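The values are calculated or read from the model by the stated rules, or taken from the named source; none is laboratory data. Nothing here was measured: the structure is a model prediction, and the numbers come from that model. Positions of Cβ are generated from backbone atoms using ideal geometry, with glycine treated the same way; all protein chains shown enter the neighbour counts. To get the accessible areas, we keep the full protein, side chains included, count just its heavy atoms, and leave off ligands, DNA and RNA. Shrake-Rupley method; radii C 1.70, N 1.55, O 1.52, S 1.80 Å.
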Amino acid sequence: MKVLVVGGGGREHAICVTLAKSPKVDKIWCAPGNGGIADVAECVDIKATDIEKMVAFAKEVQPDLVMVAPDDPLALGMVDAMEEAGLRAFGPKKNAAIIEGSKSFAKDLMHKYNIPTAGYAVFENSADAIAYIKEQGAPIVVKADGLALGKGVTVAMTEDDAIAAVKDAIDGGAFGGAGARVVIEEYLTGPEVSVLAFVDGKHLKTMPSAQDHKRAYDHDEGPNTGGMGAFSPSRFYTDDIAKTCMETIFKPTVEAMAKEGRPFKGVLYFGLMLTPKGPKVIEYNARFGDPETQAVLSRLDSDLFDIFNAVIDEKLDEMDIQWADNAACCVCMASGGYPKAYEKGKEITGLSDVTDSFVFHAGTKVQDGKMLTAGGRVLGVTATAPTLDEAIRKAYADVKKIHFDGAHYRTDIGVK
Ligand code: AMP
Ligand code: GLY
């Protein structure tokens, strides 16, 4: 069987490597892919958001399955376009991907179906938003409505910071059209847990829990990033909490989307906060998370290709998905300066010295036989072990063997 994977980061590398383990899969294309993905897949130079070219390529090579991994092409309707071209595609259609693409849609859905989340209000006018902030007081959270590369959220500890965030988004156009509307939310506290689930429109199967690390530096300091590392499982996500989440959040969300005429098929990502008043939804993503996927899929014992097909065929209830009873830790190595300006094209050395981890590539490319940096997040060094402590130790032992000019990484992934 032949598969086309859309995307080119660490998450897509993990998806390609896991698909390649299936005895049924004998050919993978990845567009655009990266320097590490080239080891398992044929990389095709098409931008993940270029729906027209991607569909034309898929029509030409006729994969048995197209897996659309990133948020942008999903929000733009790539799955719909593939289906219209007669191809089998894994991922939510545009009308369901909106659960991530519009935070106000997600909040209104939760409100309508009584799914626990932070209290909120939606504004398109900065004067009204500012009046609301003054009435509510700080701390308070300001979120751009649309996709903003994970940078559209301001957790404001003062009213002034919240007001500045509103002005930036609505009046300053900091996030383009994505910030023309803002959601202002009640500030919640508690440990954060990510739970990803396969969903086939009606049924869902959760994956083991994970936690990512969004801030650039140790102790959760510094600016927000796409994610500096992840581990699985979370210490906080007990069986009792999992049961509560299934009854109050996961099933109700899948049912709500179906009732709205937007059946969700693909991977639904629940960003949760375990507050003193119970688990609440912080965000939904309509896809595998990055870098959670690198940690979580490292623990999958079942055939990912079979799971994708069961989702497409709405037969997930018939699947018995097995996970290893272990732990995984993924440490991201980033370019110097990331998430602000950084240089690319630095040679990466030491990859062949890695012994106990798998190195997922995020931003790399091969040039003249050398592996070079080609993005902000460069590598996700991922180890599994019977315990989380051991997985952390193994991942960091291998991180220390890899070098490139300016490399930086957090030293506390998995510790909190
Ligand atoms: P998001 O992009 O929605 O995941 O938000 C980024 C981060 O902001 C989350 O991982 C939380 O740490 C924080 N955050 C988002 N919403 C809230 C909230 N209502 N209360 C406190 N922190 C929040
Ligand atoms: N790690 C969070 C995300 O993928 O959005």
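When the stretch 254-274 is filtered for residues that are over 24 Å from ARG11 (Cα atoms) and surrounded by 21 or more Cβ atoms within 10 Å (Cβ to Cβ), the ones remaining, listed by number, are MET257, LEU274. Would the stretch 127-134 turn up any residue that is under 23 Å from the mean Cα position of the chain (by Cα) and crowded, with 18+ Cβ neighbours inside 10 Å? No, every residue in the stretch 127-134 fails to be under 23 Å from the mean Cα position of the chain (by Cα) and crowded, with 18+ Cβ neighbours inside 10 Å. Of everything in the stretch 135-153, what is open to solvent by 30 Å² or more (accessible area, probe 1.4 Å) and within 13 Å of ALA178 (Cβ to Cβ)? Give them in sequence order. The answer is LEU147, LEU149, GLY150, LYS151, VAL153. Only one of (1) on the phi > 0 side of the Ramachandran plot; (2) not in a strand (DSSP E or B) is not met by ILE163, so which one is it? If we test ILE163 against (1) on the phi > 0 side of the Ramachandran plot; (2) not in a strand (DSSP E or B), just (1) comes out false. The criterion of at least 1 residues that are touching a helix residue (DSSP H, G or I) at 6+ places or on another chain (Cβ under 7 Å), away from ligand 2 (no atom under 16 Å from the Cβ) and at positive phi is met by the following strands (runs of 3 or more DSSP E) wholly inside the stretch 272-387: 278-285. Of all the numbered requirements in (1) at pLDDT 95 or above; (2) within 13 Å of ligand 1 (Cβ to nearest atom); (3) open to solvent by less than 40 Å² (accessible area, probe 1.4 Å), LYS277 misses one, and that requirement is (3). Restricted to the stretch 172-187, and to residues there that are in a loop (DSSP other than H, G, I, E, B) and small (Gly, Ala, Ser), the residue that is nearest to ligand 2 (Cβ to nearest atom) is ALA174. Does GLU60 satisfy being touching a residue at least 24 places away in the same chain (Cβ under 8 Å) and either part of a helix (DSSP H, G or I) or surrounded by fewer than 24 Cβ atoms within 10 Å (Cβ to Cβ) (or both)? No; evaluated as a whole, the condition is false for this residue. For the stretch 25-71, a residue qualifies if it is closer than 15 Å to ALA85 by Cβ and within 16 Å of ligand 2 (Cβ to nearest atom), and exactly one does: VAL68.
Apart from one condition, ILE312 fits all of (1) open to solvent by 10 Å² or more (accessible area, probe 1.4 Å); (2) within 15 Å of ligand 1 (Cβ to nearest atom); the exception is (2). Set side by side, the residues ASP356, ASP303, ASP320, ASP313 differ, and just one is of a type outside the set (Ser, Thr, Tyr) and without any contact (Cβ under 8 Å) to a residue 40 or more places away in the chain, which is ASP320. Contact map, the stretch 275-297: first residue under 25 Å from MET78 (Cα atoms), second residue part of a strand (DSSP E or B) and within 12 Å of ligand 1 (Cβ to nearest atom), Cβ cut-off under 6 Å, separation 6 or more or different chains; pairs are GLU283/GLY271; ASN285/TYR269; GLY289/SER194; GLY289/TYR269; GLU292/SER194; GLU292/ASP212. Say whether the condition of being under 25 Å from GLU186 (Cβ atoms) and within 16 Å of ligand 2 (Cβ to nearest atom) is met by at least one residue in the stretch 109-116. Scanning the stretch 109-116, I find no residue that is under 25 Å from GLU186 (Cβ atoms) and within 16 Å of ligand 2 (Cβ to nearest atom), so the answer is no. Among the residues of the stretch 253-262, is there at least one that is in a strand (DSSP E or B) and away from ligand 1 (no atom under 16 Å from the Cβ)? There is no residue in the stretch 253-262 that is in a strand (DSSP E or B) and away from ligand 1 (no atom under 16 Å from the Cβ). Set side by side, the residues ALA324, ALA334 differ, and just one is surrounded by 18 or more Cβ atoms within 10 Å (Cβ to Cβ) and modelled with pLDDT of 95 or more, which is ALA334.
Right, GLY227: closer than 30 Å to ASP306 by Cα, open to solvent by less than 40 Å² (accessible area, probe 1.4 Å) and within 11 Å of ligand 1 (Cβ to nearest atom) or not? So GLY227 passes the test. Go through the stretch 364-387 residue by residue and tally those that are in contact with a strand residue (DSSP E or B) (Cβ under 8 Å, 6 or more places away or on another chain) and more than 19 Å from ARG215 (Cβ to Cβ). The qualifying residues number 14. Inside the stretch 166-196, residues that are within 13 Å of ligand 1 (Cβ to nearest atom), modelled with pLDDT of 95 or more and among the aliphatic types (A, V, I, L, M) make up a count of 3. Residue count for the stretch 188-242, restricted to those that are outside any strand (DSSP E or B), in contact with a Lys or Arg (Cβ under 7 Å, 6 or more places away or on another chain) and either more than 12 Å from ligand 2 (Cβ to nearest atom) or not hydrophobic (A, V, I, L, M, F, W, C) (or both): 8. Restricting attention to the stretch 44-57, the residues being open to solvent by 60 Å² or more (accessible area, probe 1.4 Å) and either in contact with a His (Cβ under 8 Å, 6 or more places away or on another chain) or not in a loop (DSSP other than H, G, I, E, B) (or both) number 2.
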